[in-house]
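Quick notes on the structure that follows.
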Amino acid sequence: MLGIDLGKNSCSLAGLDAAGAVVMRRKMTREGVMAFTAALPACVVAMEACCGAHFLGRVIADQGHTVRLMSPEYVQPYVKAQKTDDRDAEAIAEAATRPTMRFVTLKSEAQLDLQSLHRARERLVLARTALINQLPAVLLERGITLAKGRAVLMRRLEEVGSEGLAVSDRTRRLVEDLLEECDGLSRRIKAYDDELAAVVRSDEQARRLSSIPWVGVINATALLAAVGDGSAFAKARDLASWLGLTPRQHSTGGRTRMLGISKRGNRYLRKQLIDGARATLPHLAAKPNAMGAWLQQLLARSHPNVVVVALAAKLARIVWAVLRRKALFDHGTVAAA
């Protein structure tokens, strides 16, 4: 077992023998690590799932080794005494030997490309949202009240025009500059959306996910980037739990307490699924089918926000079923999930 504590420039290595004793400690660069593992006989190489781990993991796996990635929070309990790079590497190696340890699936380069695309798009969306919030505030200080919402705001400003605003020349130029910046952001976001749509058309797994009526292009590609074929999860509920959509438990003395959702895992993906569930809830609840009846029963006894999260968890389970069965969505999948 070889444990590697990854750093930007320097990495610490700790090697364990079959009995679990530390038989090697070294420090080397990332390039040195790849050269070192290339000369080793096939063994198990463990790392934390952090920045750069997936690339290095693919390189080491191609060399014939078995790569195990773990969440850093699962490694921390194995760090003994004070934290050092050497002890971190030893803890990583020891944690990887545990039979109950949960491992992270190696992401392909295509998955990492999709993930980076989503992160760049989300940064632009947040920048545009901040801009849209600033623009009405600037005009409100000049006594001009505009409706909320990007589409309504932009349509109203287009109808009035900057010349129709009762503001100073300097404020008018500022408004025009903000509108131009917003338009530029929208064009860049649209370009990313078109690229994601092209991925859905060309990738078989993405097409399966997009066949689910409540999963669009954004959610399909985000799910593909995060979970791949879903093989890392033994059952559908595991995916919903990994996304933080299931209740937290605080149990002791035989008494079980169910709290709010855990909010663990991928925050971006959880937000996307919840937003999608919120948008489709009224439509689905009105349907005369099993899904509609289930949602109506939930709405009768729970707050709508609770029902939205329950629907998002249901969508996550349907996603797992579609991925594992490698088939397009059908209504029988809903009952199975």
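The values are calculated or read from the model by the stated rules, or taken from the named source; none is laboratory data. As the structure is a prediction and not an experimental result, all values here were calculated from the model. As a convention, Cβ positions derive from the backbone with ideal geometry for all residues, glycine included, and neighbour counts pool all protein chains shown. For the accessible areas, the whole protein counts, side chains as well, though only heavy atoms, and no ligand, DNA or RNA atoms are used. Shrake-Rupley method; radii C 1.70, N 1.55, O 1.52, S 1.80 Å.
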The listed residue being closer than 16 Å to A42 by Cα, free of Cβ contacts under 8 Å to residues at least 60 places away in the same chain and of a type in the set (S, T, N, Q), out of Q82, Q76, Q63:
Q63
Checking the conditions here, which among L315, L328 is open to solvent by 80 Å² or more (accessible area, probe 1.4 Å) and of a type in the set (A, V, I, L, M)?
L328
Considering the stretch 162-173 alone, what residues qualify as being part of a helix (DSSP H, G or I) and open to solvent by 60 Å² or more (accessible area, probe 1.4 Å)?
E163, D169, R170, R173
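Does R87 fit the bill of being of a type outside the set (S, T, Y), open to solvent by 60 Å² or more (accessible area, probe 1.4 Å) and more than 30 Å from V199 (Cβ to Cβ)? Before you say what the answer is, go through the steps one by one.
Working: of a type outside the set (S, T, Y): yes; open to solvent by 60 Å² or more (accessible area, probe 1.4 Å): yes; more than 30 Å from V199 (Cβ to Cβ): yes.
When the stated conditions are applied, R87 passes them.
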Can you tell me which residue in the stretch 129-161 is most open to solvent (accessible area, probe 1.4 Å), limited to those that are part of a loop (DSSP other than H, G, I, E, B) and more than 16 Å from D183 (Cα to Cα)?
K148
Between a first residue in the stretch 105-117 that is among the polar types (S, T, N, Q) and a second residue that is open to solvent by less than 40 Å² (accessible area, probe 1.4 Å) and not in a loop (DSSP other than H, G, I, E, B), which pairs have beta carbons less than 6 Å apart while being 6 or more apart in sequence or on different chains?
Q111/A225; Q115/A225
Taking the stretch 184-225 only, how many residues are more than 16 Å from the chain's Cα centre (by Cα), among the aliphatic types (A, V, I, L, M), closer than 20 Å to L126 by Cα and open to solvent by less than 40 Å² (accessible area, probe 1.4 Å)?
2
Selection within the stretch 245-263 - in contact (Cβ under 8 Å) with a residue 60 or more places away in the chain and either open to solvent by 60 Å² or more (accessible area, probe 1.4 Å) or of a type in the set (A, V, I, L, M, F, W, C) (or both)
L245
